[in-house]
Each structure stands twice: as C-alpha cells, then as structure tokens.
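The values are calculated or read from the model by the stated rules, or taken from the named source; none is laboratory data. Quick caveat, the model's predicted, so the values are computed rather than measured. Note that we place each Cβ from the backbone using ideal geometry, even for glycine, and neighbour counts take in every protein chain shown.
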Amino acid sequence: MVFVAPLFLLGLITALLPLLIHLIRREKPPKVAFSSIRFLQKTSRKLILFQNIQQWLLLFLRSLLFLLLAIAFARPLLDSSVAEFIDGIPESHVVLFDRSMSMSYGDATARANTEMAAILANLGAADELALVEFGEAPLRVVDFSSDRALLEARILAINETSYQGTNYWPAFKLADQLLEDAAHENKVITLISDFQSGAFAEEENGWRAKVGVNIRFIDVGDEEVSNLAIMDIRAPDFVLEGEEPTSILARIRSTGTVPITTGIASFKINGQVKERMPFDLEERSEAVLEFQHDLSEPGTFFGEISLSGDKFLTDNEKEFSVLVSPRINVLVLNGEPSKNWYDDEGHWFGLAVDAAGQSPFSVSEVPSVNFDDSNLDTVDVVGILNVDELEPSQINSLVNFVENGGGVFLALGDRTLLDSFNDNFSGFLPGTIRSRGKLALGDYRVLADYDRRHPIFSNLDSDWPAKFDAYWSLDPSEDAEVLMQFDSAEPALLAAKRGDGLTLMFATSMDLEWGDFPLQNSYLPFIHESLRFLNGASNFPLNYEIGDSILLPSEYSNRLTNVDGTELEYDRDIPSFTPTKPGTYFLDANDKLNSFSVKTSATESIFKRIDTSVIYDSVVGQGTMPPLAREVSTERLIEERENAQQIWWWILLASTMLFFAELFIANRTYR
C-alpha cells in the first residue's frame, strides 16, 4: 500500500486525542460525609465491570475514528510499487546530446552539461537512462542503466565537442532502436542542442518515432551570435608543372545574427604567410577573395587561409593541398595507322589522352614498324594498340623500359596474331591470349565487374555501358591481377608488375572496330587513370571534409602523421582513415611524401536557428500525444487508480458507521 498524500498521515497523531482528553479530565472521586448507608442499594460488581468496558470501548472507537479519517485523507492505493508513485511513472529515457562543432560557440556546451546534470539528478529510482552523443553521425553511446552514480561517471566525464556537422536523423533513429529493448512502457527522447537550421532536413524515407514515444527538446543555443566564417576554398587538387600562377579562392561570410563587416584574411603556403588581404562586408553578405601563388616546383603544397575579426576561432581556418606534377609523356605504337581518322587505330586513344585543355599528358605517336629504342628516351608510358608483331629488338627495348620503371598499356584487336603474340610477349605482359571470343550474330559482351579498390577505378563511376562485338580470351599469369571482367566472367583487363614498372593488358580494341567504348563517358577517365597508374602517379584526392572515409593509397600507407608530426592510427587492412579534426595530414613511405587536407563543414558555421515545433511535427508518430510533465502524468495515473479502487471512500463510509456506533454506545453508557 502507498499513499498519494502521505503528509495527511501526520493526522494519525490525533488518534491520541481521546486518550489525552480522558487523562486530563479524569478526577478523583470526592469524599462525601454521609450519616448512614443503610438505606442505599448496593451496586453489583458486574455492573461496574460492564461500565468500565463500555468506557474503554468508547475510547478505542473515538481513537479509531481519528485514525481512519487520517488514512482516508492520505488517499491509500493498493497493488502498486512504492517507486511508481513516489518517483512518478518509471521512464526509459534516451538523451540525444549534440556534440557538433557549433556547440563550441560561447557557453552552449556548458549549458548543455548543466541540463544533462539536472536530468541525472531528477532520475527516479526505477528510471533507466541511455545517452547518444552525436554530430553528423552518432559518436558515443551509453547504454541503459538505472545506476545514477555510474551514469554520472560515464556521461559527465567528457565535456569536449567534436568538429563534425550536425544531423538529427541518425541520432533519432538510434534512440528509437534503443527504446525497442527498453524496460518501461513510458518512453522519452530528449534532444539537447543549439538547434541550427542546417542540422535538420526533411527525411526522404518518411521516418517517424514509434507511437507513444514522447519527444522533448532543450535549447542551449545563443539568441545573438556574431561570427565570420570561411564557407569554401576553391583550390585545384592537381596542377601541372610550369603553368601560370595558381589561383586560390576563398568565400567569406558573416554567418551570425549580429553582422561583422570587416576582417583580415591571411594566406599561407607550407606554413609561411604569403599575403594578407582585408575585406569589407558592409554592403554585401559575403566576399570572394582571390590569392595567387606560383606553384612551379613538383611536389605537394599544403596551404591555409585564416581570418581575424571574431571570437569563434574554430571556423576561422581552412586548409587545402595541391599536388604539382610534371606532364606524363605517352608514346603510342599504332598498329593500324591511317590517313582516315575512322580507320586509324590510335585516333580515339589520342583524343582521350590529349582531350583536356590542359592535359596532364604529352602524346607522341609512331607506327609500330618504325619503333626503336630511341623513341623511349623521354617517355613515361607506352601504349601499344592492335599491333600484329614486333621485332625481338623492339621487344627487348620494351622489356628494359618496363623493368627500369616504365609503364606499358597494350590493347588487342583484329591485327593481333595468336601464335606470334604469345611467343613475343610471353613473360612480359600480365597474361597470354587463348583464342578469339566467339559471339553469335547480334550478341555482345559488357564490362560486368571490376576491382573498385584499385587506383584505376577508385575514383571512377560504376556505370560501364560499353558493348563489345569481339574480344580475345585471356589467360592471366600467376602474378597478374584481374582488374576487370566481362559478363561472361572472362578477364577484360589484366595488370602485373615487371621489375620496377607496370603493365596493363586490355582484351579488346580501343577504337570503334570491336565496340562502342570510345563513345562512352567512361572511356576518357579510364584511359587517364590507367596511364597515371602506369606512371606511378597517385590519383589520391587531396581535399576532404570532417567525417569523410578516406581510402589511403597503398603506396603511401606506411605512416600517417598530422601537421605536428604525431603519428596516427588507422585501419591498415583496408587501409582507410576517418579524420576527426581539421588540418593537414601527411602520408609517407619509401621516401615519398604526400599531404592531404581536411576542413570543417560550412553548414556548421551558419547559426540560423530552427523552431523546435518544426522538428516535433516531423518526427512524432501518428497517435503520439504531446509530451506531458512527469507530475501531470503521475497525477493522471493516480486518478485512474483511485477511480478504480475507491479505498478512501470505503474508509470514510466505515468512519461514518463508526461515528454512529460511538453515539449509540455513548448514549447507553451515560444515560
């Protein structure tokens, strides 16, 4: 049994009132002088005993009456746990704690920690609580527990924000999953955040919280914010050696509710300040600043643009990296040259290699019959297209070229001769040819599978719609890699290392004679990435955002450090790295050095706020009632239990009957 209004139990003391009154009013019988008792009737001892019993019964009934009245006003309930009504309805509570970068503005994190401490302090004895710290994605999860001391030790020990952006949807979904295994029916999700508008976008799949899950919000953001931010930096990942000075563009904006109109931007290359540029936002919302620098020497340059003019320093710096590389010299051995472009084997290949306005390749072409050792003096990669036969001296020149670090790309075709090809190139290329693939009239092959982790394909789209009317069946050598397959599961592209160089072997032609590959969007990037791979050039992108999963190139995957020289751990089996802090990172292996830069999300610098009612309307499930305060919920449950039990009513009824019984006995006793 529990009592809804336990303070009325103090009324139990009133049960002593009849006894106290009896003791206070009790008097010793007076002594009266009487001449003679001869004429008085003697009283029976039984009558005296009966009167004493009646008087003690009246005393008991009066005390019991006060006792029952006190219990009735305390409103007793049966069959309920004490914790359920003293601490309210037990809750399964998931707190979503925003740890994104914007929470480091002002005192937002301190206010959030205070609110978190208050939630823990008000935790009921039977309540359970879980925590999800999140940014763009969940960062840390503390599972359900009712141990307040344990929760305080796990939750309040960490006060740092992350550099991630903000996205409420993954956090809401994870909270919903946690509540599936909750112990109590009353389920609550509380979101503690600064409620940036960029953190909330309409969910495409229409996700909603399950029916009955209450959503609560605690806003710890600042109403007035002043902030300057670098919204974006436009810098090329790759620059060719000897080009004009490189332009670096920075977009600056005042993103707070209180505008900042002036500031100074500093431009650094490899840690040295190259230029400082003032800017004025008095008459415009943002400014685009252009910095120029002569990146003439080959190598990787890391730069930084920083701002002065506001107190929120987290978004005042953004880094970038630029790789300056020399042009790759490509020699094409054309096995079927022609004055007519549509008959020329090297026409489409040459167009793809030299298509861009500032192509990273320098292309020269020679008929295969005229090729000799002198053609390889300044060449990095050789493309052999539909060559029928080469002289032994020409083969030896190519073998020495590859073993000394060169690259060879060989594409087969209708001029390829089965016997002489295998005799000439056996042991040099990644495989041998077995036979011409047989296709029925109107049938064709497509490229169905490829190694997405290989440097050639890691940055290419997955769409390969090219159709091939003919091809050669290949037998890979023991050390060869099958990089691409036809839909028949036969190899389409083989790769192998030979000495210090690399070779690629393509099972069909690179022109329109055996298919429509040159007409597809994937043709040009495939050739570019293949030639870059054969030259040993990295196609590794150099600029990322916080939270990106970065697939590190195998040639640089030995050691990863930040700008301070601290070595960082990463998954070496894949190998991949997910940065948690902005800045410049360095990869080095075998005396090679490369850098890449990581910047924060621009949306975290925009402090426009969203009304919590908009979020509530988007996440609550149909049939979910607005969240009630715990006191209101408890009162409603108490009312339901009281209406069902009516114990206090029966006690008052018993008290009334007891009152009339006391009157009856009192009248009989003192009449």
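Is one or more of the residues making up region 74-92 more than 29 Å from Pro6 (Cα to Cα) and either aliphatic (A, V, I, L, M) or assigned to a loop (DSSP other than H, G, I, E, B) (or both)?
Taking region 74-92 and keeping what is more than 29 Å from Pro6 (Cα to Cα), we get none.
Scanning region 74-92 turns up no residue that is more than 29 Å from Pro6 (Cα to Cα) and either aliphatic (A, V, I, L, M) or assigned to a loop (DSSP other than H, G, I, E, B) (or both).
Go through region 455-485 residue by residue and tally those that are in a loop (DSSP other than H, G, I, E, B), under 17 Å from Tyr523 (Cβ atoms) and not hydrophobic (A, V, I, L, M, F, W, C). Please lay out each step first, then the result.
At the first step, the residues of region 455-485 found to be in a loop (DSSP other than H, G, I, E, B) are 455-466, 469-471, 477-480.
Filter again for under 17 Å from Tyr523 (Cβ atoms), leaving 456-457, 459-466, 469, 471.
Those still in the list that are not hydrophobic (A, V, I, L, M, F, W, C) too: 459, 461-463, 465, 469, 471.
Here the count works out to 7.
The numbered conditions (1) surrounded by fewer than 16 Cβ atoms within 10 Å (Cβ to Cβ); (2) within 30 Å of Ile606 (Cα to Cα); (3) touching a Pro at 6+ places or on another chain (Cβ under 7 Å) are all true for Ser308 except (3).
When every residue of region 99-115 is checked against the conditions, none turns out to be surrounded by fewer than 20 Cβ atoms within 10 Å (Cβ to Cβ), over 30 Å from Leu16 (Cβ atoms), of a type in the set (S, T, N, Q) and modelled with pLDDT under 90. For region 181-196, residues that are surrounded by fewer than 20 Cβ atoms within 10 Å (Cβ to Cβ) and out of contact with any Phe, Trp or Tyr (no Cβ under 9 Å at 6 or more places or on another chain) total 3. Of all residues in region 361-384, those satisfying the criterion of being closer than 23 Å to Arg415 by Cβ and among the small types (Gly, Ala, Ser) are Ser364, Ser368, Gly383. Remark: pairs (first residue in region 354-368, under 14 Å from Phe238 (Cα atoms) and surrounded by 13 or more Cβ atoms within 10 Å (Cβ to Cβ); second residue of a type in the set (Asp, Glu) and modelled with pLDDT under 90; Cβ separation under 8 Å; 6+ apart in sequence or on different chains) = Phe361/Asp354.
Does Val322 qualify as being β-branched (Val, Ile, Thr), in the same structural domain as Asn521 (by TED's automatic domain parsing) and either surrounded by 19 or more Cβ atoms within 10 Å (Cβ to Cβ) or more than 34 Å from the chain's Cα centre (by Cα) (or both)? The answer is no for Val322. Contact map, region 408-421: first residue free of Cβ contacts under 8 Å to residues at least 24 places away in the same chain, second residue among the basic types (Lys, Arg), Cβ cut-off under 9 Å, separation 6 or more or different chains; pairs are Leu418/Arg434; Leu418/Arg436. Selection of first residues in region 9-29 that are under 14 Å from Leu67 (Cβ atoms) and of second residues that are in a loop (DSSP other than H, G, I, E, B) and at pLDDT 75 or above, restricted to Cβ pairs under 6 Å at least 6 apart or on distinct chains, gives the following pairs, ordered by first then second residue: Leu9/Ala74.
Residue-wise test of (1) surrounded by fewer than 15 Cβ atoms within 10 Å (Cβ to Cβ); (2) modelled with pLDDT under 85; (3) within 30 Å of Lys210 (Cβ to Cβ).
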residue	(1), (2), (3)
Leu587	no, yes, no
Lys592	yes, yes, no
Asp611	yes, no, yes
Val614	yes, no, yes
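Checked against (1) surrounded by fewer than 16 Cβ atoms within 10 Å (Cβ to Cβ); (2) more than 28 Å from Pro579 (Cβ to Cβ); (3) in contact (Cβ under 8 Å) with a residue 40 or more places away in the chain, Glu224 passes all but condition (3).
For region 241-253, give me each residue that is in contact with a Ser or Thr (Cβ under 7 Å, 6 or more places away or on another chain) and surrounded by 17 or more Cβ atoms within 10 Å (Cβ to Cβ). Hit for region 241-253 is Arg253, nothing else.
Counting the residues of region 395-417 that are out of contact with any strand residue (DSSP E or B) (no Cβ under 6 Å at 6 or more places or on another chain) and more than 22 Å from Ile328 (Cβ to Cβ) gives 7.
For region 249-303, the set of residues classified as assigned to a strand (DSSP E or B) and without any contact (Cβ under 8 Å) to a residue 24 or more places away in the chain consists of Gln272, Val273, Lys274, Glu275, Arg276, Met277, Pro278, Asp280, listed by residue number. Can you tell me which residue in region 528-571 is surrounded by the fewest Cβ atoms within 10 Å (Cβ to Cβ), limited to those that are at pLDDT 75 or above and in a helix (DSSP H, G or I)? Looking at the filtered set, the residue picked out is Glu529. Screening Gly309 with (1) touching a helix residue (DSSP H, G or I) at 6+ places or on another chain (Cβ under 8 Å); (2) over 30 Å from Glu389 (Cβ atoms); (3) at pLDDT below 85 gives one miss only, at (1). Name the residue that is surrounded by the most Cβ atoms within 10 Å (Cβ to Cβ), counting only residues in region 439-459 that are among the basic types (Lys, Arg) and either in contact (Cβ under 8 Å) with a residue 24 or more places away in the chain or in contact with a strand residue (DSSP E or B) (Cβ under 9 Å, 6 or more places away or on another chain) (or both). Ranking the candidates gives Arg445 first.
A single member of Leu59, Leu64 is at pLDDT 75 or above, surrounded by 12 or more Cβ atoms within 10 Å (Cβ to Cβ), touching a His at 6+ places or on another chain (Cβ under 7 Å) and over 30 Å from Asp194 (Cα atoms), and it is Leu59.
Candidates are the residues of region 129-180 that are closer than 23 Å to Asp219 by Cβ and of a type in the set (Phe, Trp, Tyr); the one that is surrounded by the fewest Cβ atoms within 10 Å (Cβ to Cβ) is Trp169.
Evaluating Ile395 against the criteria (1) on the phi > 0 side of the Ramachandran plot; (2) touching a helix residue (DSSP H, G or I) at 6+ places or on another chain (Cβ under 6 Å) leaves one unmet condition, (1).
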